[in-house]
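Visitor: Dropping the structure in here first, questions after.
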Amino acid sequence: MPSSDGKLRVAIIGGGLAGATLMNALLKYSHLSPEIFESAPEFSERGAAVGIAQNGQAALAEIAPELAGALDRAGAVVMSSSRVRMASGPHTGALAFDLTGEQRGKVVHRKALLNELLEPIPKSRMHTSKKVTDIAQANDSATGPFKLHFQDGSSYIADAVIGADGVHGYVRTHILGADHPALKPKFGGFWDSRSLIPMEKAKELLGEHYFIEGDQRQHGWIGNGGFFMHDVLDGGKTVQCVACAQTNEEWGEDEWRRDLDREKLESTFSGWTESAIKRGMIENPELKAFAEWHHKIDAPTYAKGRVVMMGDAAHAMTPWQGSGAGQAIEDAMVLDALLGEVKEPKQLEAAFKAYDQVRRPRTQRIIASSHDVGMALCGRGSGGLDVEKLADLPPKWVFIHTQDQKEHIKGALEAMRSIV
Ligand SMILES: Cc1cc2nc3c(=O)[nH]c(=O)nc-3n(C[C@H](O)[C@H](O)[C@H](O)COP(=O)(O)OP(=O)(O)OC[C@H]3O[C@@H](n4cnc5c(N)ncnc54)[C@H](O)[C@@H]3O)c2cc1C
């Protein structure tokens with residue numbers, strides 16, 4: 001039975017970009033009562049850039065035109081291209097590849113985007129310090145509501161549960177079972193270190209020619225074992241520099257951050273061109289290395305009954321094609337359309353099955369493609385960096401960026417109708 005007011009209670013677990021986007025989508029439905037539960041004491045994002053390519057922008061617009069505007073309100077900068085050059089080896093200085101024209105990605109400060117997404121959500125529906133530890137049936141009926149248990153001893157009754165709780169979350173465990181091999185996060189074998197610097201200082205340190213007003217480009221350098229990249233953020237006020245390196249060190253499952261000393265940073269990039277080293281090392285006050293995590297193997301399903309997972313909880317991927325957040329937004333777009341059609345609890349299972357049918361193949365294709373791009377970018381498995389092979393990379397982004405979102409939604413709705 002739905003709640004006493006007849007609305008379906010939808011619990012969204014996790015308040016990152018995935019959960020916050022979905023929450024915005026579901027608020028428009030008078031037959032749904034969504035609530036969002038975040039384990040941390042506040043809704044927050046690690047302060048750095050995220051690129052939202054045209055597929056993600058189109059998905060936001062499908063959810064609601066004003067949601068697409070969140071990117072601009074958060075100071076997103078349109079990137080006219082992404083130029084990557086060689087920073088070590090015989091081809092130093094050569095253009096490795098260039099993602100131009102078609103993509104028009106917007107790069108935005110994560111925290112600013114999350115704040116924009118959280119802004120329209122009534123405070124009464126946002127719950128912090130609520131770490132979900134168990135999802136149980138609330139009564140004897142297998143088709144009845146769920147009781148969510150939180151670490152602080154409290155609980156919540158829901159008709160549907162959506163796990164947007166990231167790669168280290170709980171909902172994947174509930175869906176796949178505690179011993180499933182696709183459960184464990186895997187250290188990606190890379191760390192990255194980021195710094196945010198004011199535009200004027202970036203121009204001084206890196207060169208004015210990288211930051212042409214009205215024609216912003218993302219610039220990257222790749223060399224053996226890693227890359228550097230810089231993006232413009234905050235409406236052109238800030239530049240983010242990222243240094244990313246492969247490592248053979250093992251990182252523990254709960255370890256996502258390590259201290260990094262300047263010596264280590266320098267030795268990791270020794271042999272790179274002086275300018276590239278400079279780009280990676282400037283103004284790095286924190287000197288932290290952040291681990292990149294994904295899953296050991298793909299999930300065989302994203303749904304179990306009236307519980308479903310989205311975003312990194314379902315398909316954490318390597319960052320090489322900059323697509324994880326875009327896919328989380330597409331997940332929200334499809335769940336939005338499906339839940340808009342659900343009027344009673346018994347339709348929820350069909351909606352989530354349809355979601356799994358359309359979202360799993362696409363996201364798992366991107367997981368594989370992103371992995372392949374990463375291998376090429378790092379010269380792994382191919383006898384080192386090969387500038388000719390790198391020049392072949394741009395087409396690998398096409399299927400990600402050019403999806404027709406209206407057709408994708410249509411496919412999901414048809415799948416649901418064929419299941420019901
Ligand atoms: C280096 C790097 C660069 C990237 N660049 C890009 C890019 O340019 N473009 C792009 O599209 N993507 C990019 N990504 C991927 C993107 O950042 C992620 O896919 C996206 O942020 C995932 O969002 P999410 O909301 O699914 O997960 P998360 O951001 O991990 O949010 C999950 C939330 O759930 C909470 N939570 C966890 N467990 C529980 C629990 N038990 N109960 C309640 N709450 C819980 C967490 O505290 C967290 O707030 C990049 C990733 C990396 C690592």
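The values are calculated or read from the model by the stated rules, or taken from the named source; none is laboratory data. These numbers come from a predicted model, not from an experiment. Virtual Cβ from ideal backbone geometry, glycine too; neighbours counted across all protein chains shown.
Visitor: Condition (residue is within 11 Å of the ligand (Cβ to nearest atom) and among the small types (Gly, Ala, Ser)) applied to segment 345-358: is it met by at least one residue?
Guide: Within segment 345-358, none of the residues are within 11 Å of the ligand (Cβ to nearest atom) and among the small types (Gly, Ala, Ser).
Visitor: Residues in segment 255-269: is at least one surrounded by fewer than 19 Cβ atoms within 10 Å (Cβ to Cβ), touching a Lys or Arg at 6+ places or on another chain (Cβ under 6 Å) and within 30 Å of Ala299 (Cβ to Cβ)?
Guide: Yes, there is a match, as at least one residue in segment 255-269 is surrounded by fewer than 19 Cβ atoms within 10 Å (Cβ to Cβ), touching a Lys or Arg at 6+ places or on another chain (Cβ under 6 Å) and within 30 Å of Ala299 (Cβ to Cβ).
Visitor: Hey, can you tell me all the residues within segment 134-167 that are exposed (fewer than 14 other Cβ atoms within 10 Å of the Cβ) and either near the ligand (Cβ under 10 Å from one of its atoms) or within 24 Å of the chain's Cα centre (by Cα) (or both)?
Guide: Correct list: Gln151 only.
Visitor: If you don't mind, another one. Does Met333 fit the bill of being in a loop (DSSP other than H, G, I, E, B), within 16 Å of the ligand (Cβ to nearest atom) and surrounded by 16 or more Cβ atoms within 10 Å (Cβ to Cβ)?
Guide: no
Visitor: When you scan segment 105-156 for strands (runs of 3 or more DSSP E) that lie fully inside it, which ones turn up with 2 or more residues that are within 18 Å of Thr173 (Cβ to Cβ) and modelled with pLDDT of 95 or more? If you could, list the steps in order and put the result at the bottom.
Guide: Numbers: elements: 106-109, 132-137, 146-150.
Here the list reads 132-137, 146-150.
Visitor: List the number of the failed condition for Ala202; all other conditions in (1) within 28 Å of Asp372 (Cβ to Cβ); (2) modelled with pLDDT of 85 or more hold.
Guide: (1) is the only condition that Ala202 fails.
Visitor: So which residues in segment 77-111 are over 20 Å from His401 (Cα atoms) and over 18 Å from the mean Cα position of the chain (by Cα)?
Guide: Arg85, Met86, Ala87, Ser88, Gly89, Pro90, His91, Thr92, Gly93, Ala94, Leu95, Ala96
Visitor: In segment 151-197, how many residues are farther than 30 Å from Leu26 by Cα and small (Gly, Ala, Ser)?
Guide: 4
Visitor: Output the residue which, of all residues in segment 168-204 that are of a type in the set (Ser, Thr, Tyr) and outside any helix (DSSP H, G or I), is farthest from the ligand (Cβ to nearest atom).
Guide: The selected residue is Ser195.
Visitor: Report, ordered by the first and then the second residue, all pairs with beta carbons closer than 7 Å, sequence separation of six or more or different chains, a first member in segment 305-334 that is in the same structural domain as Asp372 (by TED's automatic domain parsing) and among the hydroxyl-bearing types (Ser, Thr, Tyr), and a second member that is part of a helix (DSSP H, G or I) and more than 7 Å from the ligand (Cβ to nearest atom).
Guide: As it stands, the answer is Thr318/Ser370; Thr318/His371; Thr318/Gly374; Ser323/Ile366; Ser323/Ser370; Ser323/Ile400, since those pairs meet every condition given.
Visitor: Filter segment 73-83 for residues that are surrounded by fewer than 21 Cβ atoms within 10 Å (Cβ to Cβ) and part of a strand (DSSP E or B); which is modelled with the lowest pLDDT?
Guide: Among those that are surrounded by fewer than 21 Cβ atoms within 10 Å (Cβ to Cβ) and part of a strand (DSSP E or B), it is Ser81.
Visitor: Let me ask another. So is Ala70 in a helix (DSSP H, G or I), within 27 Å of His219 (Cβ to Cβ), at pLDDT 95 or above and more than 14 Å from the ligand (Cβ to nearest atom) or not?
Guide: Against the criterion (in a helix (DSSP H, G or I), within 27 Å of His219 (Cβ to Cβ), at pLDDT 95 or above and more than 14 Å from the ligand (Cβ to nearest atom)), Ala70 qualifies.
Visitor: Here's something else I'd like to know. (1) modelled with pLDDT of 85 or more; (2) outside the structural domain of Val387 (by TED's automatic domain parsing); (3) closer than 23 Å to His371 by Cα: which one isn't true of Thr301, the others all being true?
Guide: All conditions are met except number (2).
Visitor: Among what's in segment 35-51 and is assigned to a strand (DSSP E or B), over 27 Å from Arg9 (Cβ atoms) and out of contact with any Gly (no Cβ under 6 Å at 6 or more places or on another chain), pick the residue that is nearest to the ligand (Cβ to nearest atom). So that I can check it myself, show each step before the final result.
Guide: The first filter runs over segment 35-51 and keeps only residues assigned to a strand (DSSP E or B), leaving 35-37, 49-51.
Adding the requirement that they be over 27 Å from Arg9 (Cβ atoms) leaves 49-51.
Now restrict to residues that are out of contact with any Gly (no Cβ under 6 Å at 6 or more places or on another chain): 49-50.
Details: Ala49: 7, Val50: 5 Å.
Per the criteria, the residue is Val50.
To keep it simple, each residue is scored yes or no on (1) at negative phi; (2) in contact (Cβ under 8 Å) with a residue 60 or more places away in the chain.
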{"site": "Leu99", "(1), (2)": "yes, yes"}
{"site": "Ser124", "(1), (2)": "yes, no"}
{"site": "Ser129", "(1), (2)": "no, yes"}
{"site": "Ser154", "(1), (2)": "yes, no"}
{"site": "Lys186", "(1), (2)": "yes, yes"}
{"site": "Ser195", "(1), (2)": "yes, yes"}
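Every residue, every condition in (1) over 21 Å from the mean Cα position of the chain (by Cα); (2) at pLDDT below 95, yes or no:
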| position | (1), (2) |
| --- | --- |
| Arg365 | no, no |
| Val373 | no, yes |
| Arg380 | yes, yes |
| Leu385 | yes, yes |
| Glu388 | yes, yes |
| Asp392 | yes, yes |
| Trp397 | no, yes |
| Ile400 | no, no |
| Gln403 | no, no |
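Visitor: Which members of segment 4-34 meet the condition of being in contact (Cβ under 8 Å) with a residue 40 or more places away in the chain, more than 9 Å from the ligand (Cβ to nearest atom) and in a loop (DSSP other than H, G, I, E, B)?
Guide: Those that are in contact (Cβ under 8 Å) with a residue 40 or more places away in the chain, more than 9 Å from the ligand (Cβ to nearest atom) and in a loop (DSSP other than H, G, I, E, B): Leu27, Tyr29, His31.
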